[in-house]
Amino acid sequence: MSQTRHILVDADACPVKDEIYKVAWRREVAVTIVANSFIRIPDHPLIDRAVVSDGFDAADDWIAERAGPRTIVVTADILLADRCLKAGAAVIAPNGKPFTLASIGAAIATRAIMADLRAGGDQIGGPPPFRKEDRSRFLSTLDETLVRLARTG
């Protein structure tokens, strides 16, 4: 991974792509939108797209292989977040909550419990609906993380 800051976006279901573009333009940080189908992106030199195969975890593998200490990964995928944290990347969920090495174990355990409950036929709800507050928290967390990365390198 290069020494420049870079934002990698697990884009298929990401609700904050427009916010990522705005922050990236202001902070002059490259963004790669990663998906297994074509996603429209702004025509801007800082914004790039990677269309990967529709194979299982193809987008996750592409992102994890490029994650590193100068990278911010935006994903709601807990297992991808774990892989990227282990590579040294900063990871932020679209709701603005950062994944950390200290919190990822509990997130993985909760994910496993919920999967077991669903497999057992329990009717449990999914994540809460995306709210305006989530968007605001995301913008703040992304900006803070970019500032922190700029100071460390």
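At a 1.4 Å probe radius, carbon and sulfur cover how many percent of the accessible area of the chain?
53 percent
I'd like the distance separating the alpha-carbon centroids of the range 11-50 and the range 56-113, in whole Å.
The range 11-50 and the range 56-113 have Cα centres spaced 18 Å from each other.
For the range 1-56, what is the convex hull (Cα atoms) projected area averaged across all directions, in square nanometres? If you can, show how the numbers build up before the last one.
Details: hull surface 17.0 nm².
It is 4.3 nm².
Using Cα-Cα distances under 8 Å and only pairs 6 or more residues apart, what relative contact order does the chain have, in percent? Numbers along the way, then the final one.
Working: 234 pairs, mean separation 34.3, N = 153.
Averaging sequence separation for qualifying contacts and normalising by length gives 22 percent for the chain.
DSSP loop (so not H, G, I, E, B), at most 14 other Cβ within 10 Å: list which trypsin sites (Lys or Arg not before Pro) in the range 1-103 pass both filters. Walk me through the intermediate numbers first.
Numbers: sites: 5, 17, 22, 26, 27, 40, 49, 66, 70, 83, 86; in loops: 5, 40, 70.
Answer by residue number: 40.
On a 0 to 90° scale, report how tilted helix 104-119 is relative to the longest principal axis of the chain, with both axes built from alpha carbons and the result rounded to the nearest 10.
40 degrees
How would you classify the range 1-101 from its alpha-carbon gyration tensor, with a ≥ b ≥ c the square roots of the eigenvalues: rounded for a/c under 1.5, else prolate if a/b is greater than b/c, otherwise oblate? List each step's numbers first, then the result.
Values: a/c = 1.39, a/b = 1.10, b/c = 1.26.
It comes out rounded by the Cα gyration axes.
Rounded to the nearest 10 degrees, what's the angle between the helix 17-27 long axis and the longest principal axis of the chain, both from Cα atoms, 0 to 90?
Between the helix axis and the principal axis of the chain, the angle is about 30 degrees.
What are the chymotrypsin sites (Phe, Trp or Tyr not before Pro) within the range 1-101 that DSSP puts in a loop, where the Cβ has at most 16 other Cβ atoms within 10 Å? The partial results should precede the final answer.
On the way: sites: 21, 25, 38, 56, 62, 99; in loops: 38, 56.
Here the sparse-neighbourhood loop sites are 38, 56.
Rolling a 1.4 Å sphere over the protein heavy atoms, what is the accessible area per residue of the chain, to the nearest Å²?
Values: 8660 Å² over 153 residues.
Normalised by residue count, the accessible surface of the chain is 57 Å².
Order 77, 18, most accessible first, counting only protein heavy atoms with a 1.4 angstrom probe.
Details: 77 50, 18 100 Å².
Result of the area sort, largest leading: 18, 77.
For the range 4-81, what relative contact order do you get, as a whole percent, if you take Cα pairs closer than 8 Å and at least 6 residues apart? Don't jump to the answer; show the numbers that get you there.
Details: 117 pairs, mean separation 28.5, N = 78.
Contact order relative to length: 37 percent.
The values are calculated or read from the model by the stated rules, or taken from the named source; none is laboratory data. What you are looking at is a predicted structure, and each value in this text was computed from that prediction instead of being measured. With ideal geometry, Cβ positions are generated from the backbone for all residues, glycine too; neighbour counts draw on all protein chains shown. SASA here: full protein model, heavy atoms, side chains in, ligands and nucleic acids out. Shrake-Rupley method; radii C 1.70, N 1.55, O 1.52, S 1.80 Å.
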